[in-house]
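For reference, the structure discussed in these notes is given below.
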Amino acid sequence: MFAARGNGSPPSRRSVLRALGSGALAGALAGCGVPAAYVAPGERAAVDRSAREKRVSWANWPLYIDTDDADASRRPTLDAFERRTGITVDYVEEINDNDEFLGKVGPALMNHQDTGRDLIVLSDWMCARFVRLGWVQEMDRAAQPNVTAHLDPQLRSPAFDPGRAFTVPWQSGITGIAYNRRKVGRELRRLSDLWADDLKGRVTLLSGLDEAFALLMQGNGVDVTRWTADDFHRICDQVEARVRSGHIRRFTGNDYIKDLASGDVLACQAYSGDVIQLRADDPDIAFVVPEEGAELWSESLMIPDLARHKTNAERLVDHYYDPEVAAELAAWVTYVCPVPAARDVLASAPDEETAALADDPLIFPDDTMRSRLAIARDITPQERPAFAKRWNGIVGL
């Protein structure tokens, strides 16, 4: 029943914010071009060809779906959808960076043109821009009973999309602390533990603004659901000081995985799903949700404006909220599963290693961990230019 788990560390699921985005397009969106880019609700839908064209085009990130070890071209959960529905899925692993992908599809969306894609997966901070600009269509929840029944309550109503009318989490994750327990020689429990003198020069932070800021604010005791500009500049002051002192070794994308595995870095900001993969090779690698709290994030499915196969896309989304399917996917990608009901399915798996995943709080957070997780409010369009300029100046982007 369950697809084989992937080996090795997956590539980045969350983008590194580069400058203010991808070229002229992102610059326009950050400034006065935003109002002209907005698409009104009545202009978002195209004639739906789903009934006569049994197909759907889906753009996703690399290595973000289950594959068969014996045949990497096979994707068991996707193959099952095609067999059950007769709908052919054109699955393309073309998203390597949120801003880069914005550069691909943004011009079409701004100019009210079909992107050629029926379903896309982006980080929620980028989803917020798409929702705000009217670039995605509201989904028909009446046609998605699995989503209605099984979506994790903690992910149901982010500030940028109340009630999840336009977005559905594909996978979720936690930004916390990873460290080498054997080499550090003690447990790290708080974000402030990163700043211990014996870790000087052996600590890295994430380079992306949207990826890094929430956890750092939580270390200051900030409620990240309602943080302020003062909270942001306070963490920038602190990070600048630690860069000058040499305590922070560097800023990274997903290459922190290599640094941590090699021992060049002893502790770092990290994503929960990556650390599960690292632990398989080195049980001394630990992941911590700090006592002060950690950020819960998602990458979500959306249907772009003028998509030609909206109904088929909605059926595909709902397929992945069937607990049996969600469990099979979770066993492979090992991020936080947005379908809590999949836990019982995994627990009953005949394979002991697979069944053990049901008790991993980094895949199915328990109540204690959930009490320390928060979804950060998004950076507004008005805040982003100045915040990105300051953060990127510190990071060196």
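The values are calculated or read from the model by the stated rules, or taken from the named source; none is laboratory data. Everything quoted here is computed from the prediction, not taken from an experiment. Using ideal geometry, Cβ is built from the backbone for each residue, glycine included, and neighbour counts are taken over all protein chains shown. For the accessible areas, the whole protein counts, side chains as well, though only heavy atoms, and no ligand, DNA or RNA atoms are used. Shrake-Rupley method; radii C 1.70, N 1.55, O 1.52, S 1.80 Å.
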Segment 259-287, residues that are open to solvent by 20 Å² or more (accessible area, probe 1.4 Å) and closer than 25 Å to residue 200 by Cβ: 261, 262, 264, 282, 284, 287
Any helices (runs of 4 or more DSSP H) falling wholly within segment 81-188 and containing at least 3 residues that are among the hydrophobic types (A, V, I, L, M, F, W, C): 98-110, 124-132
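Could you tell me how many of the residues in segment 86-114 are open to solvent by 20 Å² or more (accessible area, probe 1.4 Å) and either more than 22 Å from the chain's Cα centre (by Cα) or not hydrophobic (A, V, I, L, M, F, W, C) (or both)?
Looking only at segment 86-114, we keep the residues that are open to solvent by 20 Å² or more (accessible area, probe 1.4 Å), and these are 86, 88, 90-94, 96, 100, 103-104, 107, 110-114.
Now restrict to residues that are either more than 22 Å from the chain's Cα centre (by Cα) or not hydrophobic (A, V, I, L, M, F, W, C) (or both): 86, 88, 90-91, 93-94, 96, 100, 103-104, 107, 110-114.
Adding up the residues that qualify gives 16.
Within segment 221-252, how many residues are in contact (Cβ under 8 Å) with a residue 40 or more places away in the chain and open to solvent by 20 Å² or more (accessible area, probe 1.4 Å)?
Here is the first cut: in segment 221-252, the residues in contact (Cβ under 8 Å) with a residue 40 or more places away in the chain are 221, 223-227, 229, 232-233, 236, 239-240, 242-243, 245-252.
Subsequent filtering for residues that are open to solvent by 20 Å² or more (accessible area, probe 1.4 Å) retains 221, 223, 225-226, 229, 233, 240, 242-243, 245-246, 249-251.
The number of residues fulfilling the criteria is 14.
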Enumeration of residues in segment 128-151 that are more than 23 Å from residue 211 (Cα to Cα), open to solvent by 10 Å² or more (accessible area, probe 1.4 Å) and of a type in the set (Val, Ile, Thr): 148
Residue in segment 182-200 that is within 24 Å of the chain's Cα centre (by Cα), over 16 Å from residue 379 (Cα atoms) and open to solvent by 20 Å² or more (accessible area, probe 1.4 Å) present: yes
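Each row is one residue, and each column tells you yes or no for (1) in a loop (DSSP other than H, G, I, E, B); (2) open to solvent by less than 40 Å² (accessible area, probe 1.4 Å); (3) more than 28 Å from residue 224 (Cβ to Cβ).
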position	(1), (2), (3)
332	no, yes, yes
345	no, yes, yes
349	yes, yes, yes
354	no, yes, yes
364	yes, yes, no
369	no, yes, no
387	no, yes, no
390	no, no, no
394	no, yes, no
Meets criteria (touching a Cys at 6+ places or on another chain (Cβ under 8 Å) and either of a type in the set (Ser, Thr, Tyr) or open to solvent by less than 20 Å² (accessible area, probe 1.4 Å) (or both)) for residue 161: yes
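Of everything in segment 164-190, what is among the aromatic types (Phe, Trp, Tyr) and touching a helix residue (DSSP H, G or I) at 6+ places or on another chain (Cβ under 6 Å)? Give them in sequence order.
Going through segment 164-190, the residues among the aromatic types (Phe, Trp, Tyr) turn out to be 166, 170, 179.
The one that is among the aromatic types (Phe, Trp, Tyr) and touching a helix residue (DSSP H, G or I) at 6+ places or on another chain (Cβ under 6 Å): 166.
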Lone qualifier among 161, 152, 140 - being modelled with pLDDT of 95 or more and out of contact with any helix residue (DSSP H, G or I) (no Cβ under 9 Å at 6 or more places or on another chain): 152
Residue check for residue 370: under 30 Å from residue 234 (Cα atoms) and under 19 Å from the mean Cα position of the chain (by Cα): yes
Count of segment 288-329 residues which are within 24 Å of residue 376 (Cβ to Cβ), crowded, with 22+ Cβ neighbours inside 10 Å and acidic (Asp, Glu): 2
Sole exception among (1) in contact (Cβ under 8 Å) with a residue 60 or more places away in the chain; (2) touching an Asp or Glu at 6+ places or on another chain (Cβ under 9 Å); (3) open to solvent by 10 Å² or more (accessible area, probe 1.4 Å) for residue 154, by number: (2)
Residue within segment 300-323 that is assigned to a strand (DSSP E or B), farther than 30 Å from residue 54 by Cβ and at pLDDT 95 or above present: no
Residues being within 15 Å of the chain's Cα centre (by Cα) and farther than 19 Å from residue 107 by Cβ - total across segment 122-151: 4
For residue 26: the one exception among (1) modelled with pLDDT of 95 or more; (2) part of a helix (DSSP H, G or I); (3) in contact with a helix residue (DSSP H, G or I) (Cβ under 7 Å, 6 or more places away or on another chain): (1)
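Here are some residues: 292, 299, 324, 353. Which one is acidic (Asp, Glu) and either under 16 Å from the mean Cα position of the chain (by Cα) or under 30 Å from residue 38 (Cα atoms) (or both)?
On the way: 292 fails: either under 16 Å from the mean Cα position of the chain (by Cα) or under 30 Å from residue 38 (Cα atoms) (or both); 324 fails: either under 16 Å from the mean Cα position of the chain (by Cα) or under 30 Å from residue 38 (Cα atoms) (or both); 353 fails: either under 16 Å from the mean Cα position of the chain (by Cα) or under 30 Å from residue 38 (Cα atoms) (or both).
Exactly one of 292, 299, 324, 353 is acidic (Asp, Glu) and either under 16 Å from the mean Cα position of the chain (by Cα) or under 30 Å from residue 38 (Cα atoms) (or both), namely 299.
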Looking only at segment 54-74, and only at residues there that are open to solvent by less than 10 Å² (accessible area, probe 1.4 Å) and part of a loop (DSSP other than H, G, I, E, B), the one that is farthest from residue 116 (Cα to Cα): 66
